[in-house]
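The values are calculated or read from the model by the stated rules, or taken from the named source; none is laboratory data. No experiment lies behind these values; they were computed from the predicted model shown. Every residue, glycine among them, receives a Cβ derived from its backbone with ideal geometry; neighbour counts consider all protein chains shown.
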Amino acid sequence: MAKRDPFSEYHPLVCFLFFLTVILMGTVVRHPAYVLAGCVASGWYYGLLKGRGLLTMLLRLLPLLLLVSLLNPLFNPRGEHVLLRIFGRAFTWESLCFGFVTAGSFAQTILWFGCYNTVLTGDKFTSLFGNLIPALSLLLVMVLRMMGEQTRKLKQILHARSGIGKGITEQNSRREKLLHGMTALSALTDRALEGSIVTGNSMKARGYGCGRRTNFHSRRLRVGEWLCLLLFLFLLALTLCLGGMEAEFEPVIRTDPLGLGFLAYCGLLGVPIVLRIKESILWHILKYGI
């Protein structure tokens with residue numbers, strides 16, 4: 001499959017509205033079918049973007065999701081169908097199902113945020129909100145950049161200390177490990193403070209805050225992006241208008257029957273996936289045509 005992702009090249013406004021919608025819908029809607037569709041779509045698209053990184057993410061999420069699913073019946077014993085009793089508290093089927101749905105909502109939210117970080121990069125976010133909220137957009141971009149940068153720098157410091165024989169080993173005592181860690185943290189803090197001074201001088205030299213901010217990456221919506229945005233809004237309107245998203249888990253499980261609203265929601269979730277499949281088919285046609 002082609003590595004190029006067409007949805008990532010769309011206008012930042014289209015990407016931002018899509019991720020904002022699917023994340024909010026995944027957080028609010030508790031219908032099991034909608035949650036399952038969100039998990040499948042987010043995992044599929046995350047796999048298209050990250051490849052084998054999807055397996056690593058799922059292995060990290062699985063213990064947490066199981067913990068959330070199994071702990072919910074212990075804190076919420078409501079429900080008619082009691083499976084067992086633990087320390088006198090009922091462990092009900094309805095609470096267990098609600099725990100699985102909550103875990104599914106949490107999983108798809110994490111996966112969608114992972115896709116968001118890959119598609120909507122810092123420069124796209126700045127170009128989108130640079131004129132509306134320049135200070136806040138710049139602050140968010142710098143904070144997100146600093147988190148990854150400081151993590152990489154800490155690894156470099158630890159590797160450098162290991163190279164001169166001052167690394168942390170299994171033979172070290174707890175006190176020695178603590179001292180090594182504090183030394184590395186002190187070096188990282190010094191580097192961060194020094195970097196902030198350099199960044200501040202650079203921003204001052206470039207005239208930050210002297211006038212109206214302009215964007216280097218600035219373009220209008222193209223015809224294809226307008227069509228994608230209109231299709232996305234149409235599917236969202238169908239999903240909200242047709243309904244069928246209600247679900248109750250207490251005292252018994254009751255869910256709305258699935259209908260056209262669910263199909264519209266699946267189409268909404270599959271917009272970037274369909275674009276990727278279309279790009280892959282076109283790639284293979286051109287490849288074998290040559």
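Summary table
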item: Residue that is surrounded by the fewest Cβ atoms within 10 Å (Cβ to Cβ), among those in segment 34-59 that are more than 17 Å from VAL271 (Cβ to Cβ) and at pLDDT 90 or above; result: LEU36
item: Residue check, VAL223 more than 26 Å from the chain's Cα centre (by Cα), modelled with pLDDT of 75 or more, under 22 Å from GLU9 (Cα atoms) and exposed (fewer than 12 other Cβ atoms within 10 Å of the Cβ); result: yes
item: Condition met for LEU62 (at pLDDT 85 or above, among the aliphatic types (A, V, I, L, M) and surrounded by 18 or more Cβ atoms within 10 Å (Cβ to Cβ)); result: no
item: Positions within segment 238-266 being surrounded by 13 or more Cβ atoms within 10 Å (Cβ to Cβ) and in a strand (DSSP E or B), in sequence order; result: ALA247, GLU248, THR255
item: Odd one out for LEU74 among (1) assigned to a helix (DSSP H, G or I); (2) out of contact with any strand residue (DSSP E or B) (no Cβ under 7 Å at 6 or more places or on another chain); result: (2)
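The rows are residues; the columns are (1) over 30 Å from PHE16 (Cα atoms); (2) out of contact with any strand residue (DSSP E or B) (no Cβ under 6 Å at 6 or more places or on another chain).
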position	(1), (2)
LEU236	no, yes
ALA247	no, no
VAL252	yes, yes
PRO257	yes, yes
GLY267	no, yes
ILE281	no, yes
LYS287	yes, yes
